[in-house]
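The values are calculated or read from the model by the stated rules, or taken from the named source; none is laboratory data. Computed from a predicted structure; not experimentally measured. Every residue, glycine as well, gets a Cβ built from its backbone with ideal geometry; the counts of neighbours run over all protein chains shown.
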Amino acid sequence: MSTKRQQSPSELSDTWIQENNELVNKWQLQNRDQNHTRLLLSEFCKLIRKIQGLPPLEDHCQLELSAVYNVCLLSIVLSEVSEAQTLLTQTMDRGSDPVAFHSPVFWRTVLQSVESSETMKSCIQKLLCVQWAVWLANCSLQTIEGHQEEFSSLSTGVDQDMPSILRQTNSNIPLLVMEPRRFLELLQICTLITKGAEKLNEGQSAKAITDLQAASSLPAPRILVAYTHLLSGSCLAHSGRPQMALQCYRTALETDSQCVCALYQSVLLFRRLGNAEAEIQALRLLHSTLMLPDKPVMSCDHVVSPSLLLRSQTLSSLLSVPSAFCVLHSLAQKCVLQSKVSEGVEHYLDLLAALHSDQHGVCPEESHLPRLPELYLEAGAALLMAQRPLDCLTLCDEVITTTLDLLPEKVVLEDGEAADVCTGGDDKVAMLLWTGAAYLLHGHSHCHQQDWKHAVIHYTRCINLLVKMHFREKGGRPQVPSADMVNEQRADLGVLQRLKGISLAWRGISFMQSDEPRNALRDLQLGLQAFPECVGAGLWCGEVLWKLGRRKEAASCWEKTWSITRHTPADSIPVYLREPQTGPTLDSAALRLRISELDLT
């Protein structure tokens, strides 16, 4: 009986080199999606198990280490960084060097031990590149800093490695899925970018710029060069040089149009500078850019995507960009606040239409937008400002229909219980706020149409809702909130007191228009108690007192209103909780003239 002849080590080596090269060629030709990559990695792992089934012979080292290099790179491509580290550890442990793999001097010792063999040195340097990539992906910058001497030696060793074109024509040389030289270039610039971001985060802007300038001169995909300009801009912005920062952001966009994070950083910088017009223009451009068809995040042909190596939280924060929905919302808000009301309204309506179409499958909570009732209220307030009260009523009715049945019978806020009511931090309070604000806008819309009767009805509904809200300090009993309870820790109470104060004030104004001065004075004074900063309440309270013949009290009320210091930043107030610009108004100049005439008598 004949038996199959056992292959010699030399024949096995040739067979395995051929198998390795076939897999690499398949990788070069195939569609590199995750499924194909995973299948190919599985085949490579089978090859590694066969190779490592034999003792580590010097004749097989180039093949084994090349195959390990290929497997580690494909593992990193699939974000399986720990698997790459495990294989690297197992492979290096097969050697006879007594130095422990996790020793700080391990790589230095290994490189010194293979100094006499260019082939082995080249193989070890490839695996050192893999180790560098693993450390970088794990954001181990201190470890990388501790191996700068070893990494510096890679530049000459990797550059002398056989080019891929020669490897392709020599069937006895194992092929690689990525040229080590290009891998090294990628590691160098990604490391400098990560270091620059971390130094920026630590307040070391000057040192960060030095690293980033070094990075910008390295061979790299355009997107990475753009990142160096982006981060340089952030360093300059933190150093108080905004105009130079804006120039860097512009250069980043010119370098790679996909670097939309540079455009977003420009938006944030314009906002800090208070340049509203420039911010609006940048938001328009950012939104139109985000609405373009999706493109690959990294426009480069590297096997290992730079995004797999740029993993630090600091860098991720700097490179993050809000969704198109969030940008459109910011644009709508900014336009309304900057008196571009018609444009703001169109943006709000486009946003609501896009969310309702559900084409993108994005809900407000997922994209960091306000919840839908609040978006409706913001849009409704904008519509009222645009002299479209009937459209405002339609949106308010939608909010009321959605929330009314969900309202609790009573809500007690506990001291120390945080609730960001404007964004729904506490659902019970948020439902109360949203429904009350919808009734408030209802009342404003009827005021706009001079329908004082229905205005009073809806302001009353808002006030009746707010009566359900109580506040309990530690160890105390629930009580109706008052203005003196509002402080920085109780911003939620401030919002609700504002809503109550404006509702009472405008019900009072409606009573005044209906020639009911006594009821008007009562509500206006209650409104001032709830929300002392309410300008409309103060001015109209003086007007009622003047009409009732109490002119010195009226003059005192007006003077006090004009002298009030506003404690709440205007930009932090939701547009639907601002005092309306439509409806009956009083001319402060005419009131001052009355006071001056009163002083003369």
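Restricting attention to segment 453-472, which residues are of a type outside the set (A, V, I, L, M), farther than 20 Å from residue 373 by Cα and buried (at least 21 other Cβ atoms within 10 Å of the Cβ)?
If the condition is that a residue be of a type outside the set (A, V, I, L, M), farther than 20 Å from residue 373 by Cα and buried (at least 21 other Cβ atoms within 10 Å of the Cβ), then 471 is the only one that fits.
Quick test for you: out of 143, 156, 228, 191, pick the one residue that is at pLDDT below 90 and of a type in the set (Val, Ile, Thr).
Values: 143 fails: at pLDDT below 90; 228 fails: at pLDDT below 90; 191 fails: at pLDDT below 90.
Just one listed residue meets the conditions, 156.
Based on this model, can you work out whether residue 185 counts as among the acidic types (Asp, Glu), free of Cβ contacts under 8 Å to residues at least 60 places away in the same chain, closer than 30 Å to residue 30 by Cα and assigned to a helix (DSSP H, G or I)?
Numbers: among the acidic types (Asp, Glu): yes; free of Cβ contacts under 8 Å to residues at least 60 places away in the same chain: yes; closer than 30 Å to residue 30 by Cα: yes; assigned to a helix (DSSP H, G or I): yes.
When the stated conditions are applied, residue 185 passes them.
Determine which single condition residue 64 fails, assuming it passes every other condition in (1) surrounded by fewer than 20 Cβ atoms within 10 Å (Cβ to Cβ); (2) assigned to a helix (DSSP H, G or I).
(1) is the only condition that residue 64 fails.
If you scan segment 174-206, which residues turn out to be within 22 Å of the chain's Cα centre (by Cα) and not small (Gly, Ala, Ser)?
Across segment 174-206, the qualifying residues are 190, 193, 194, 195, 198, 199, 200, 201, 202.
How many residues, within segment 526-553, are assigned to a helix (DSSP H, G or I), free of Cβ contacts under 8 Å to residues at least 40 places away in the same chain and buried (at least 18 other Cβ atoms within 10 Å of the Cβ)?
Going through segment 526-553, the residues assigned to a helix (DSSP H, G or I) turn out to be 526-530, 535-547, 551-553.
Next, only the ones that are free of Cβ contacts under 8 Å to residues at least 40 places away in the same chain stay: 526-528, 537-538, 541, 544-545, 547, 553.
Next, only the ones that are buried (at least 18 other Cβ atoms within 10 Å of the Cβ) stay: 526-528, 537-538, 541, 544-545.
Adding up the residues that qualify gives 8.
Can residue 258 be described as modelled with pLDDT of 95 or more, among the polar types (S, T, N, Q) and outside the structural domain of residue 73 (by TED's automatic domain parsing)?
The answer is no for residue 258.
Taking segment 213-268, which residues are more than 18 Å from the chain's Cα centre (by Cα) and not in a helix (DSSP H, G or I)?
Within segment 213-268, 217, 218, 219, 220, 221, 239, 240, 241, 256, 257 qualify.
Going by the structure shown, is residue 103 among the small types (Gly, Ala, Ser), at pLDDT 90 or above and either within 34 Å of the chain's Cα centre (by Cα) or farther than 26 Å from residue 35 by Cβ (or both)? It would help to see each step written out before you state the result.
Details: among the small types (Gly, Ala, Ser): yes; at pLDDT 90 or above: no; either within 34 Å of the chain's Cα centre (by Cα) or farther than 26 Å from residue 35 by Cβ (or both): yes.
Answer is no for this residue.
At pLDDT below 90, of a type in the set (A, V, I, L, M) and over 24 Å from residue 229 (Cα atoms): which single residue out of 362, 341, 336 fits that description? Quick ask: steps written out before the conclusion?
On the way: 341 fails: at pLDDT below 90; 336 fails: at pLDDT below 90.
Exactly one of 362, 341, 336 is at pLDDT below 90, of a type in the set (A, V, I, L, M) and over 24 Å from residue 229 (Cα atoms), namely 362.
Looking at (1) at pLDDT below 85; (2) in a helix (DSSP H, G or I), which is the only condition residue 96 fails?
(2)
Just to be sure I understand the filter: pairs with C-beta atoms under 8 Å, separated by 6 or more residues or on different chains, first member in segment 563-585 and among the β-branched types (Val, Ile, Thr), second member exposed (fewer than 13 other Cβ atoms within 10 Å of the Cβ) and modelled with pLDDT of 80 or more. Which pairs pass?
The qualifying pairs are 582/387.
Restricting segment 126-151 to residues that are within 14 Å of residue 88 (Cβ to Cβ) and either outside the structural domain of residue 91 (by TED's automatic domain parsing) or among the aromatic types (Phe, Trp, Tyr) (or both), which is surrounded by the most Cβ atoms within 10 Å (Cβ to Cβ)?
Among those residues, the one meeting the criterion is 132.
Do the conditions hold for residue 318, that is, is it within 21 Å of residue 231 (Cα to Cα) and not polar (S, T, N, Q)? Break it down into steps so the answer makes sense when it comes.
Numbers: within 21 Å of residue 231 (Cα to Cα): yes; not polar (S, T, N, Q): yes.
Against the criterion (within 21 Å of residue 231 (Cα to Cα) and not polar (S, T, N, Q)), residue 318 qualifies.
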